[in-house]
Amino acid sequence: MTTTPVAQFSDLKREQLNRYLHDRIQVPEELQANVMVTTLDKIYNWSRKSSMWPLLFGLACCAIEMIATAASRYDLARFGMEVMRPSPRQSDLMIVSGTVTKKMVPAIVRIYNQMAEPRYVLSMGACATGGGPFKEGYTVVSGIDKYIPVDVYVPGCPPTPEALLYGLIKLHEKVERQSITTVPWYRKGASEAVPVPILGPDIFDPRKVQIIKEYTLGSTAATGGAVAATGRLQPQPIPEDVKARIRAAQAKYRAMKKQPA
Amino acid sequence: MSEATTVAEAPTIDSALPFNDAVPGAVIGVWAEETDKAYFVAPDKLLPLLTHLRDREQYDLLSSVTCVDYSAYKGKLRAGISERFDVVYHLYSTKKGGGPIRLHVRVPENETVPSATGVYPGANLQEREVYDLFGIKFEGHPNLRRVLTWEGFHGHPLRKDWKEAYYEEDAKPFKSRHPGGHYQWHEDKLPWGDNNTYPQGWDPDSWKEPVTYVPVSQAPYHGYGELDTQSIVINLGPHHPSTHGVFRMLTRVEGETILALEPEMGYLHRNHEKIGERNTWLMNMPFTDRLDYINSMSNNLGYALAVEKLLDIEVPERAQYIRVIMAEFTRIINHTWSIGFILNDLGALQTPALYAIEEREMILDLFEEVSGSRMMCNYMRFGGVVRDLTPGWVDRAKYLAYDRLPRALDQLDELLSGNEIIKARGRGVGYLSAEDLIALSVTGPMLRAAGVPYDIRKVEPYCIYDRFDFDVPTLPESDIYARYYIRLLEARESLKILQQALRDIPPGEVNAYASATLGQGFGTIMGGKGGYTFRPKEGEAYARIEAPKGELGFFVVSDNKPNPYRYHVRSPSFINLNALGPMSVGYKVADAIVILGAIDIVLGEVDR
Amino acid sequence: MFGTGLLKGLGVTLKHFTETFIDDRRKEPSRYEGSIQVDERRRIIHQPISQEGLLTIQYPEERRLLPERFRYIPMLIWDTEAGEDRCTACGICAKVCPPQCIWIVRDSDESGKPITRPAEFYIDVAVCMSCSFCAEFCPFDAIKMNHDYELAVYDRYPQLVYDKEELTVPIEYYAALWPTQYAAEEAQRAKQKEEERRREEEKKKAAEAKAQAQTAGGESGVAKPKRSKEELEVLKAQAAAKAAARKGEEGGAETEDAEAAKRARLEELKRKAAEKAAQRKKESGE
Ligand code: SF4
Ligand code: SF4
Ligand code: SF4
């Protein structure tokens, strides 16, 4: 059983928070004097944030609260979001509202790929964020961020409409911090499509084929007793070196997918 | 099916057993030591017996088909039969009303069971589910594919020896949480950092998704009409603009006309039953909220009734009234919601839906006030409800039930019912006769919109519904318009019940087993320490309620442990989808969306 | 006539439109009836059920009045008076939690003997289903449901794994959020204490009597209990009277607005506590 020491835990939290505590737009040094860009940024961000069209896309219980948010009492129109577009081509924001199952995730990734940049993803509810109460289930994905980058997480089961609105405001804040000079979507090779996961005996991410192969074919002898009577792989404590490797890979992947603040 | 007159194993045949004079050798054992009586049926005699029950005994509704894997069962051997799998059928009569006949077919692994689809077409989806989750093959099933998982998925997850990636222990609570509960991220358990397992020796590089045979691709090709058009297969979903969640329809169309339609589901399969078998009895309560997430209160009620049946406990008077009030408020929420979204599917985007769900917020406020959450109420407990109503709640509810909601329903009626466009789109669309609907195991408003006054609150009253004066409205047309209008009528009947219940609600206890500890709403069979777990006596129980969408049943098997041995949900949304294909054939693609809307499904309940 | 149904429906929408318009034109729109102005930019909206239509709550500036039983994510109670966590690390909440998202490490003293105090306490908010079982079954009233729903973050791991510091709130905060339940619990607690004390006293008395009997009037100056029962009764009555008087002072002045004022105070308290919690959160992140 692995344990995560407390110190490491809070260190990580602090590190993550730091980026947001240093406020406002970070103008690159060579552009510090360039008033033009900052004003442009302001306009650019303001216009993006004030008419962010969400994708009409509901997965589970949380979707009902999302509809309630759009309905009379909370009225998403106040945030310029009243038009929920059913087509990914016309929307800027994907609210992943509900449990992401393995059967559904290829479709979600495809939809995400079809969205035009700049695109944002808000994960609504415990399920989309980290698997939620159904995390232990066999067809539930432990959070949509396993497959596509997420900008804001809204915990809660279900998040009340207010909580969702707070998440949207947080997203606005994030948008306000971006600068036209640093946003990834105007750079070369920025908008690479996320590989669509494939439904095999269990879902697999094409990016992780190597690890899987090593486990099912290669180092079978090393894991020895991992094969149960049913011929299926049982969860086993992973050798420390493998784990370190994976952690590094995960960290790299996480760092990679993040949009600069 | 040929009826064998000579039976090899004479000692198991007893003509004194019921139905054996009609179908000799069908029933091979009775198990009455439980909460409900159970008949064990010889697999080869199942179809003759079902035919007999349907034609002679008026058991025309095959309500539920499910399965139990007894390989890990520690309790008593039932009726001396020890085969591993037990396929369970519940039959009801829409004509006689009353309780069920429960049939058990015990089969060892790898044995097939004759498919009931020939006798009851409504067995279709349920047998597919049993095949998917237990791996039992049904002989003669027209379309035995996986339904909740996908084709190519490894193993059959509800078998007791099947373990998932994050598997920790067979039963909760897990030992790693206390006293040495150092936080552990589940993802760290597996090298790929996600909730997946792969069979040994499997090579991801050479993996090809299996090509599955979907019946629509083989649908007959009619060349009617002037032009010789070609039929094509159109895929709707799983992400689509109608508001019913992630649901997929494969249609074969000719021009705009549907030749065949096949529902595809499982996009929200959340392993409710597998998790439910690991949970303690009490822990399942909040999970039931997430089944039909528009009506958490009635889900709570159904589950509480099933477990109360096992426990054999009484519910105090006041709690009974509270339960009825909550269930009926829920019905109003559901029906207005579904009306709003039928209209949405018709193309009347937003406005009718906004009108329809406006009053929902007021009801949700009431729910939130007593239970703490707008949607996931988690309010009922075994033996009552968790907390008493707050002061003034009844008055507010009365205002809603007597004044505000009737006005709102009238407004909705005025806004929509006379509308010529709705009539033009709805009249005569999606027709299916009452007999067909019953054969397809359809229940709820759909059946009543076809003129069958089948309402469990009337035919097999539960709680205290027999005390209230209300009608079961029916409409003869069985089309979309009738399905829309019946919901309005039912909401009005709910108001009647609400008015009576709110008038008569007595003071008193709300939970027979609440302990007085610190004045909180403790609600279990506890009376002190350790009360959050309890062990119901061995046996099985099936309780059903008239949920807003149809018959919601909970089938639970206990082996005298703190966790259910088997926990099955007979969900109306799922089973009503049997009718989607037959209903849509011959109509236009645009109508199919509305037909789906008028069935009123919630994916959390379809896929569980 | 064809089309009348349509027109009737349109009439409904038109009526709705004009009614809301008229309502908005009034000087003090009825949407603010029964609402509480907390400060310039904050208003707590509470729509009375008799008010027609549905108010739009303009969220960041206006909030809905949450009912007492509202539940979102659990919080741990810090007993300010005793200066310690109420939690005794008994583990019941971790046992009843349906998705098993509570992790508790029991503390131990230097010699390694377990003591009734948690060393670590985690709740994985990305798993928690807000069912409130933990709060329901905790025998020490140490874990309760928080009303704070503004929890959105930019990174989930480990931001959403709340540790003990993030979960802990002072008891005043709880008392402000859940006034009725808090009062009921306190009453229960007082009763228990009283009960205990009485039992103890009786025991003492019995022991005394025994001792007296044993010494058979040897010594006359046996230490009396500090206060006799009668005295205590009197004291208690005085305290009760004082409390009642205080209440009267508070409630007497405002008759109509008493309820509103109470709510406002409550909101103020809530806000302060929330601010404090946020502050702490930030500090722990700093
Ligand atoms: S987070 Fe809760 S409410 Fe949202 S989808 Fe998951 S289970 Fe449903
Ligand atoms: S919070 Fe309550 S139930 Fe949980 S460990 Fe602490 S004292 Fe026990
Ligand atoms: S609210 Fe429910 S799910 Fe959340 S920590 Fe408490 S018991 Fe667990």
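Only helices reaching 30 angstrom along their own axis (Cα) with mean Kyte-Doolittle hydropathy no lower than -1.0 count here, and for the DSSP H runs of chain B these are B:317-346, B:480-504.
Take the Cα of C:Lys203, step 7 Å toward its Cβ, do the same at B:Asp395, and the gap between the two points is 4.8 nm.
Given R₀ = 25 Å, FRET efficiency for A:Arg89-C:Glu150 by Cβ-Cβ distance, to 0.05? E(calc), rounded to 0.05, equals 0.15. Rolling a 1.4 Å probe over the protein chains gives B:Val569 an accessible area of about 0 Å². With R₀ set to 30 Å, the beta-carbon distance separating C:Glu194 from B:Lys537 gives a calculated FRET efficiency near 0.15. Counting Cβ atoms of other protein chains within 10 Å of each residue's Cβ and taking the mean over peptide B:410-417 gives 4. Once all protein chains are placed together, B:Leu250 keeps about 20 Å² accessible to a 1.4 angstrom probe.
Each residue of segment B:391-396 was assigned a 3J(HN,Hα) from its phi angle through the Karplus expression (A = 6.51, B = -1.76, C = 1.60, θ = phi - 60°), giving x, x, 5, 4, 5, 5 Hz with x at Gly and Pro. Sorting B:289-298, B:258-267 by their mean Cβ neighbour count within 10 Å, with the most densely packed peptide first, gives B:289-298, B:258-267. Across segment B:401-506, the relative contact order, built from alpha-carbon pairs under 8 Å that are at least six residues apart, equals 34 percent. Would you mind pulling out the separation of the Cα centroids of segment B:453-514 and segment A:35-66, in Å? Segment B:453-514 and segment A:35-66 have Cα centres spaced 44 Å from each other.
Spin-label pair B:Val472-B:Asp161: with each label point 7 Å from Cα along the Cα-Cβ axis, the two points sit 4.6 nm from one another.
Take each residue of peptide B:593-603, count the partner chain Cβ atoms within 10 Å of its Cβ, and average: the result is 1.
For chain B, averaging the sequence separation of C-alpha pairs within contact (under 8 Å, six or more residues apart) and dividing by the residue count gives a relative contact order of 16 percent. For segment A:55-63, putting each phi into the Karplus relation 6.51 cos²θ - 1.76 cosθ + 1.60 with θ = phi - 60° gives couplings of 7, 6, 7, x, 10, 8, 3, 4, 4 Hz, in residue order, rounded to whole numbers and with x for Gly and Pro. Taking segment C:12-64 on its own, what percent of its Cα-Cα pair distances exceed 12 Å? When every Cα pair of segment C:12-64 is considered, 67 percent fall beyond 12 Å. With a 10 Å cut-off around each Cβ of C:138-151, the average count of Cβ atoms from other chains is 3. Take every Cα pair under 8 Å whose residues are at least 6 apart in sequence, average their separation, divide by the length of segment C:12-64, and the relative contact order is 25 percent. Proximity of backbone amide H atoms, modeled 1.01 Å from N, is registered between B:Val30 and B:Phe40 at under 5 Å, excluding neighbours fewer than 5 places apart on the same chain. Full extension of the segment from B:Ser206 to B:Asp312, taken as 0.36 nm per residue of separation minus the current Cα-Cα distance, would add 32.6 nm.
Peptides B:458-467, B:350-359 ranked from most to least packed give B:350-359, B:458-467, packing being the mean of other C-beta atoms within 10 angstrom over each peptide's residues. Relative to the Cα centre, the charge distribution of segment C:74-170, modelled as +1 at Lys and Arg Cβ and -1 at Asp and Glu Cβ, gives a dipole magnitude of about 400 debye. Summing charges over all other residues whose Cβ lies under 11 Å from the Cβ of C:Ile115, with Lys and Arg as +1 and Asp and Glu as -1, gives 0. Association of chains C and A removes close to 4000 square angstrom of accessible area from solvent, both sides included, for a probe radius of 1.4 Å.
Take B:Val23: with every protein chain present and a 1.4 Å probe, its accessible area is about 10 Å².
The values are calculated or read from the model by the stated rules, or taken from the named source; none is laboratory data. Since this is a predicted model, take the numbers as computed values, not measurements. Every residue, glycine as well, gets a Cβ built from its backbone with ideal geometry; the counts of neighbours run over all protein chains shown. We work out accessible area using only protein heavy atoms, side chains counted, and drop any ligands, DNA or RNA first. Shrake-Rupley method; radii C 1.70, N 1.55, O 1.52, S 1.80 Å.
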